[in-house]
Amino acid sequence: MKFVVYSQWSQLPESANTLFAQGEQESLFCSRIWLESLTTHALAEHQSLQLFCVLDADTVLAILPMMKSPWDGLSALSNHFTTLYSLLISDNDQQGAILACLVEGLSQMAPQAIRFEPIDDNDINMTRLRKCMESCGFTSYPYFRFYNWSHPVKGQSFDEYMAKRPANIRNMIQRKQRKLEREHAYDIRLYQDMDIDRALVDYQMVYQASWKANEFFADFTPSLVKKLSAIGWVRLAVLYIEQKPVAAQIWFVVQGKASIYRLAYDERWKSYSPGSLLTGYLMQHVIDEDKVKEIDFLTGNERYKQDWMTVQKERLGVRFVKKVVQKNIVSRITQLLKIKV
């Protein structure tokens, strides 16, 4: 086995795709198409790609997608778009040796610090990596990042799912829908692959009229949606009132999991709760049509997310510092202050 660092996606051996396909089963955010999109459209000028790999001949056994910064050291290839990060590692009986090779390589990189986020505290691969790093001279500092809400469907129909939602949600959707039907002409359109360019224009119109600030890396979401729509992973729904887009949501459906990625509505139509109406529409579609096994609201602890979801988890970050670096810092401070320890 050997430790190899790649700085471009094109350098990866073809065998790496096996690990990405494996990661995709767990999360969109571990897929190659997601990580490549981050690299292309969501890295700052001072950040550069670092793919830390363990190879056996031409077979890639582990991939740790990272980015390097002159100020922050090494950190996970992630940003505010990312809601889950993990190590991609071959599922075989060599995992101990693979991790040892990976951590030895990381140690020789001599970074100021190494940071992984956001991670699931129950992620076995990241837990094993953390323990291996601690045994090789790193000190770890875990910290809270955000809450995640999700719902396991467990074979329910949409009607069964809604029957267990809080009464205020069920009643509000029925009331607002009747109000909208009485007062305006409206319809909801679902875009998956056809007319995706038109859908993105309407989404941007809604987003600009919403309460949300302008996004950093504005090209990231449109580019990603176009790529994912080509392989059938996109569910982009727009609510039109009097033929004008007033609410839009982008969901991704990957390997039986629906991820609620972006929500926005025009605040001038707030009295009709267009966001809730659109959420109900997409819930019905992914449950009854896509037959998903899980629905994930990704980030945030807002009350409305708790009304739709049932399971709360924490996403964490972990910062690693070499013990020898810590000792050097203490030594320098002690010398400056002339304190004996």
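The values are calculated or read from the model by the stated rules, or taken from the named source; none is laboratory data. Here the structure is a predicted model, which is why all the values come from computation and not from measurement. With ideal geometry, Cβ positions are generated from the backbone for all residues, glycine too; neighbour counts draw on all protein chains shown.
For a quick check of your reading: which strands (runs of 3 or more DSSP E) sit entirely within the stretch 233-286 and have at least 2 residues that are more than 18 Å from TRP308 (Cα to Cα) and not β-branched (Val, Ile, Thr)? Spell out how you get there, then give the answer.
Details: elements: 234-241, 244-254, 257-265.
Passing ranges, in order: 234-241, 244-254.
Taking the stretch 53-73, which residues are in contact with a Pro (Cβ under 6 Å, 6 or more places away or on another chain) and crowded, with 17+ Cβ neighbours inside 10 Å?
Once the filter is applied, which keeps residues that are in contact with a Pro (Cβ under 6 Å, 6 or more places away or on another chain) and crowded, with 17+ Cβ neighbours inside 10 Å, the stretch 53-73 yields VAL60, GLY73.
Can you give me the number of residues within the stretch 37-52 that are in contact with a Lys or Arg (Cβ under 9 Å, 6 or more places away or on another chain) and buried (at least 16 other Cβ atoms within 10 Å of the Cβ)?
Selection size over the stretch 37-52: 4.
From ASP219, ASP266, which residue is farther than 23 Å from LEU38 by Cβ and not assigned by TED's automatic domain parsing to the domain that holds GLU26?
Of ASP219, ASP266, the one residue that is farther than 23 Å from LEU38 by Cβ and not assigned by TED's automatic domain parsing to the domain that holds GLU26 is ASP266.
Working carefully through the options ARG262, ARG319, find the one that is among the basic types (Lys, Arg) and either within 16 Å of TYR191 (Cβ to Cβ) or without any contact (Cβ under 8 Å) to a residue 24 or more places away in the chain (or both).
Answer to the selection: ARG262.
Surrounded by fewer than 11 Cβ atoms within 10 Å (Cβ to Cβ) and either outside any strand (DSSP E or B) or in contact (Cβ under 8 Å) with a residue 24 or more places away in the chain (or both): does that describe ASN168? Outline the logic, then answer.
Values: surrounded by fewer than 11 Cβ atoms within 10 Å (Cβ to Cβ): yes; either outside any strand (DSSP E or B) or in contact (Cβ under 8 Å) with a residue 24 or more places away in the chain (or both): yes.
The answer is yes for ASN168.
Here are the criteria: (1) among the hydrophobic types (A, V, I, L, M, F, W, C); (2) more than 21 Å from TYR161 (Cβ to Cβ); (3) in the same structural domain as ALA185 (by TED's automatic domain parsing). Tell me which single one VAL321 does not satisfy.
Unmet for VAL321, out of (1) among the hydrophobic types (A, V, I, L, M, F, W, C); (2) more than 21 Å from TYR161 (Cβ to Cβ); (3) in the same structural domain as ALA185 (by TED's automatic domain parsing): (3).
List the helices (runs of 4 or more DSSP H) that sit entirely inside the stretch 1-112 and contain at least 1 residues that are more than 23 Å from PHE138 (Cα to Cα).
In the stretch 1-112, 16-26, 32-41 are the helices (runs of 4 or more DSSP H) which contain 1 or more residues that are more than 23 Å from PHE138 (Cα to Cα).
Output the residues belonging to the stretch 74-108 that are surrounded by 15 or more Cβ atoms within 10 Å (Cβ to Cβ), among the aliphatic types (A, V, I, L, M) and touching a residue at least 40 places away in the same chain (Cβ under 8 Å).
Result: LEU74, ALA76, LEU77, LEU84, LEU87, LEU88, ILE89, ILE98, LEU102, LEU106.
Scan the stretch 195-214 and report the pairs whose first residue is under 22 Å from LYS227 (Cβ atoms) and whose second residue is β-branched (Val, Ile, Thr), with Cβ atoms within less than 6 Å and a gap of 6+ or a chain change.
From the stretch 195-214, the pairs are ASP202/VAL238.
For LEU298, only one of the following conditions fails: (1) more than 24 Å from GLU160 (Cβ to Cβ); (2) in a loop (DSSP other than H, G, I, E, B). What is its number?
The failed condition is (1).
So LEU129 clears everything in (1) in the same structural domain as THR40 (by TED's automatic domain parsing); (2) surrounded by 15 or more Cβ atoms within 10 Å (Cβ to Cβ); (3) in contact with a strand residue (DSSP E or B) (Cβ under 7 Å, 6 or more places away or on another chain) except one condition, right? Which one?
(3)
On the basis of being of a type in the set (Phe, Trp, Tyr), crowded, with 18+ Cβ neighbours inside 10 Å and out of contact with any strand residue (DSSP E or B) (no Cβ under 7 Å at 6 or more places or on another chain), does TYR304 make the cut?
For TYR304, the condition - of a type in the set (Phe, Trp, Tyr), crowded, with 18+ Cβ neighbours inside 10 Å and out of contact with any strand residue (DSSP E or B) (no Cβ under 7 Å at 6 or more places or on another chain) - is not met.
So, in the stretch 142-165, how many residues would count as being touching an Asp or Glu at 6+ places or on another chain (Cβ under 7 Å), loosely packed, with under 15 Cβ neighbours inside 10 Å and more than 30 Å from GLY317 (Cα to Cα)?
1
With the requirement that a residue be out of contact with any Lys or Arg (no Cβ under 6 Å at 6 or more places or on another chain) and either at pLDDT below 95 or assigned to a strand (DSSP E or B) (or both), what does the stretch 141-163 give you?
Within the stretch 141-163, PRO142, TYR143, PHE144, TYR147, SER150, HIS151, PRO152 meet the criteria.
Among what's in the stretch 250-278 and is buried (at least 24 other Cβ atoms within 10 Å of the Cβ) and over 16 Å from the mean Cα position of the chain (by Cα), pick the residue that is nearest to ASN214 (Cα to Cα).
ALA264
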